[in-house]
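The values are calculated or read from the model by the stated rules, or taken from the named source; none is laboratory data. Because the structure is predicted, anything quoted here is derived from the model rather than measured. Cβ coordinates were reconstructed from backbone atoms using ideal geometry, including for glycine residues, and neighbour counts include every protein chain displayed. Remember, those area values only see protein heavy atoms, side chains included, never the ligands or the DNA or RNA. Shrake-Rupley method; radii C 1.70, N 1.55, O 1.52, S 1.80 Å.
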Amino acid sequence: MWEIIVAIILGIVEGLTEFAPVSSTGHMIIVDDLWLNSKELFSSPVANTFKIVIQLGSILAVVVIFKDRFINLLGLGKKAAAPIGPTNRLNLMQVIVGLLPAGVLGLLFDDYIDEHLFSLNTVLIGLVVGAVLMILADLFGPKRPRVETVDQMSYGQALGIGLFQCIALWPGFSRSGSTISGGVLLGMSHKAAADFTFIMAVPIMAGASGLSLVKNWQYFTSDALPFFIAGFISAFIFALVSIRFFLKLINRIKLVPFALYRIVLAAILYFVFL
């Protein structure tokens, strides 16, 4: 029973933090490595595979929320009316342009990141420096964004956000924190930048998770399966709730409150555990 409780708790942490600009990786390392120790329940490979499985729960939540958008991106929806201006709808090529920078760097440095950057010290650095970036975005981003919805963004803005996403390869920075900050600095509203962030997250997370699952398929044993299922369902439910809440909130409160939370969290962790 304790294994299922651990799975549900970690699923809640993943679901609540994956798409908020607070670093889900940092929170998973903090909650699991410093408190729950899921590696002691099964083994280190099983615990690491579990963290991949619950990410898929969060991805499914994004697909559910943005299902109409993904249908249109794949060209499966009803034909849209003829464009009135130079752009009138986000297209698949813009998403690909946004994915390329982090995708290439992730493939090149994946092993190095896994071996050298997943520690409490590196997470603390990511939390603080990422918070500074978020504060700068709110301070220096335009008061009246040129791009209010994701359908108005340009290819240049898609590439710029993709470059900001590279920063999130450092654990603790937060993918959404980096990309939303980048989008705001490039003239987008917080909501438009968040929408594009979530849409980009699906292929990049699904690809990374799918590859890891193929490599670790042998750990889906009968005794570990309930652990995986409980975490997956928990992450899906809480991601579904947190994404809807976050998208309604982000244009009102901006990024500074999340940045202050990150700084306070980093300070507590530093004085308590280091």
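Quick one: count up the residues across region 192-220 that are touching a residue at least 24 places away in the same chain (Cβ under 8 Å) and closer than 20 Å to L41 by Cβ.
Within region 192-220, residues that are touching a residue at least 24 places away in the same chain (Cβ under 8 Å) and closer than 20 Å to L41 by Cβ number 5.
Name the single residue that is farthest from M153 (Cα to Cα) among those in region 189-220 being among the aromatic types (F, W, Y) and at pLDDT 90 or above.
Only one residue fits best here, namely F198.
Take the residues in region 121-153 that are touching a Gly at 6+ places or on another chain (Cβ under 9 Å) and outside any helix (DSSP H, G or I); name whichever of them is most open to solvent (accessible area, probe 1.4 Å).
R146
Six or more apart or on different chains, Cβ under 7 Å: which pairs go from a residue in region 226-240 that's within 11 Å of V13 (Cβ to Cβ) to one that's among the aromatic types (F, W, Y) and part of a helix (DSSP H, G or I)? Could you list them?
These pairs meet every condition: G231/F50.
Go through region 18-41 residue by residue and tally those that are touching a helix residue (DSSP H, G or I) at 6+ places or on another chain (Cβ under 8 Å) and free of Cβ contacts under 8 Å to residues at least 24 places away in the same chain.
5
Would you pick out the residues in region 158-181 that are of a type in the set (V, I, T) and open to solvent by 50 Å² or more (accessible area, probe 1.4 Å)?
Matches in region 158-181: I167 only.
Those residues that are β-branched (V, I, T), open to solvent by less than 20 Å² (accessible area, probe 1.4 Å) and under 14 Å from the mean Cα position of the chain (by Cα), I need them from region 14-55; list them, please.
T17, V22, I54
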